[in-house]
Ligand SMILES: Nc1nc2c(ncn2[C@@H]2O[C@H](COP(=O)(O)OP(=O)(O)OP(=O)(O)O)[C@@H](O)[C@H]2O)c(=O)[nH]1
Ligand SMILES: [Mg+2]
């Protein structure tokens, strides 16, 4: 074991021992690789770790080729600004929401377990696109081996509950089942002791079927009784109620900022935003525009919500959504 590994190395290595599924192991090894420092003394360790990662990825791929029911491994290629997984019990309207928000054509039916495979669709929000993934229901009956991995890799979960049922009970059921796969949301969903491979994802709740006669009452009751802090939106996929609000809150839930660049003396390019995690700074933008800018940048002028027009800001300015930025060297 090479000397001077960072202290987190051992924590992450412990996680690796607890990881069960190939997907969990892959995630932990990827994390290991980011913390092993790059120098002569760690060359061997990095090499071994990379080989281990390659082998696991191969195994995952081979699983995919088998094609036997439930045994194969399914992945969804990432596209767009972020990935939102539609999570919920059977029949709550996950596929109906995908259909209402994207151009995808999922199968929709009044009986449970209609959806068998993940189906992605692209949801437009203003000038960006967000990937939604429709999934089979979270149920005690059967969970495909690839299902937890998709949830683990998504950026955000849209928890779809049914206002024609008991949404609070549905949420509790989903929490309980996902905890069995080391997955949950922030708050009290983690088992005690918390497994090292435990992964928490941010959640937004869509309380669907608001069009039902009892819809609004059930929504109000749910709001009163629940103790979680997540945003809840009463929606109807069928009647297309409140869907624009949902698009917006999904964008906000991804924690992104869009910024546009402008060349001095010219109009801003408002067509293609640069996307960053919120909290990113002017320096992150400079680096994305051009590597040279990292050194050359002296200041920038901003037109945005939090600044007066053309305000001069320095390198550590935190980017805000919809800022128009003129970089100066
Ligand atoms: N009234 C009403 N019915 C809805 C709404 N959304 C979906 N439904 C109905 O609920 C049933 C289930 O819809 P799906 O979209 O297939 O539900 P799902 O969550 O994808 O179901 P699974 O794939 O089996 O998990 C269908 O009969 C839909 O027509 C809604 O907003 N209002
Ligand atoms: Mg479905």
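The values are calculated or read from the model by the stated rules, or taken from the named source; none is laboratory data. As the structure is a computational prediction, the values presented were derived from the model and not from experiment. All Cβ positions, glycine included, derive from the backbone under ideal geometry; neighbour counts span all protein chains shown.
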_Considering only residues that are in contact (Cβ under 8 Å) with a residue 12 or more places away in the chain, within 20 Å of residue 235 (Cα to Cα) and either touching a strand residue (DSSP E or B) at 6+ places or on another chain (Cβ under 9 Å) or part of a helix (DSSP H, G or I) (or both), which ones fall in the stretch 165-197?_
167, 168, 170, 171, 174
*Would you call residue 291 out of contact with any helix residue (DSSP H, G or I) (no Cβ under 7 Å at 6 or more places or on another chain) and assigned to a loop (DSSP other than H, G, I, E, B)?*
yes
*Among the residues of the stretch 253-278, count how many are exposed (fewer than 11 other Cβ atoms within 10 Å of the Cβ) and assigned to a strand (DSSP E or B).*
0
*Determine which member of the set 166, 155, 192 is over 25 Å from residue 210 (Cβ atoms) and at pLDDT 95 or above.*
155
*Within the stretch 99-141, restricting attention to residues that are free of Cβ contacts under 8 Å to residues at least 40 places away in the same chain, surrounded by 18 or more Cβ atoms within 10 Å (Cβ to Cβ) and away from ligand 1 (no atom under 11 Å from the Cβ), which residue is nearest to the chain's Cα centre (by Cα)?*
121
*asked:* What pairs come out if I take residues in the stretch 220-235 that are modelled with pLDDT under 95 and pair them with residues that are assigned to a loop (DSSP other than H, G, I, E, B) whose C-beta lies under 6 Å away, six or more apart or interchain?
replied: 228/187
